[in-house]
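Visitor: What follows is a single structure, and I will ask about it in a moment.
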Amino acid sequence: MLAERIKTKLAELGVDIPTPTPPVGSYVPWKRSGNTIWVSGMVPMFEGKMRCAGLVDTEVSVKDAQECAKLCAVNALAWLNAATNGFKGVSGVLRLNGFVASAPGFTSQPQVLNGASDFLVEVFGDAGKHTRNAVGAAVLPLNAPVIVDFVFEVD
């Protein structure tokens, strides 16, 4: 069962699922439609604070931005966990849409988003392989270096 794999793998990696952070705008954090759960854009918040802020490649290193993308995935799993009562019925990751606050001339947005993608494949195994979009942006909400939204498949 994938739910048990997710929990076991998170424990092996030393990743604690945080209490989900409430939305900062007029939207819901997740919504189910049929066999999919859509999780709103996650920013790299940790214990109520932005992990790092600013443009990638000048104010935030690529390595730090990758860690931020991973944290976005952890925060999305917090909402998925809440939505499914412990990952019950989760069968995989379908899609990530990522935006990277990019310094002028920065073109390694896919490398940044690998922080989230690689983490999800590590946690979900083959069921974590997904389609993806990685886009550069001039600025993101709350001066986040990265924001990622997620689509998960459920039974």
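Bear in mind that the values in this text are calculations on the coordinates, not laboratory data. Just so it is clear, the structure is predicted and the values come from calculations on it, not from any experiment. Cβ atoms come from the backbone with ideal geometry, glycine included; neighbour counts cover every protein chain shown.
Visitor: If one computes the Cα centroid of the stretch 34-55 and of the stretch 127-154, what distance in Å separates the two points?
Guide: Here the two parts' Cα centres lie 9 Å apart.
Visitor: For helix 109-124, what angle does its Cα long axis make with the longest principal axis of the chain, in degrees from 0 to 90 and rounded to 10?
Guide: Helix 109-124 and the main axis of the chain meet at about 20 degrees.
Visitor: Ok, one more. Do the alpha carbons of any pairs in 63/88; 9/88; 7/70; 49/88 sit beyond 25 Å of each other, and which pairs?
Guide: Values: 63/88 33 Å; 9/88 15 Å; 7/70 16 Å; 49/88 29 Å.
Violating the 25 Å Cα-Cα cut-off are 63/88; 49/88.
Visitor: Modelling each spin label as a point 7 Å along the Cα-to-Cβ direction, I'd like the residue 107/residue 4 distance in nm, to one decimal.
Guide: Rounded to a tenth, the inter-label distance reads 4.8 nm.
Visitor: Add -39500 (n - 2.57) for each DSSP H run of 4 or more in the chain, then divide by its residues: what number comes out at 222 nm, to the nearest 500 deg cm²/dmol? Can you show the working numbers first?
Guide: On the way: 3 runs with 50 residues, N = 155.
Result for the chain, helices only: -11000 deg cm²/dmol.
Visitor: Could the peptides 4-10, 86-92, 117-123 be put in order, highest first, of the mean number of other beta-carbon atoms found within 10 Å of their residues? All intermediate terms of the calculation are to be shown ahead of the outcome.
Guide: Details: 4-10: 15.9, 86-92: 17.4, 117-123: 20.0.
Highest mean packing first, the order is 117-123, 86-92, 4-10.
Visitor: Using Cα-Cα distances under 8 Å and only pairs 6 or more residues apart, what relative contact order does the stretch 33-99 have, in percent? Intermediate results must be reported in sequence, preceding the final value.
Guide: On the way: 39 pairs, mean separation 20.8, N = 67.
Relative contact order of the stretch 33-99: 31 percent.
Visitor: Restricting to Cα pairs below 8 Å that are 6+ residues apart, what does the relative contact order work out to for the chain? Please round to a whole percent.
Guide: Answer for the chain is 34 percent.
Visitor: Run the numbers on the stretch 1-73 and let me know its relative contact order in percent, using alpha-carbon pairs under 8 Å that are six or more apart.
Guide: Numbers: 42 pairs, mean separation 14.6, N = 73.
So the answer I get is 20 percent.
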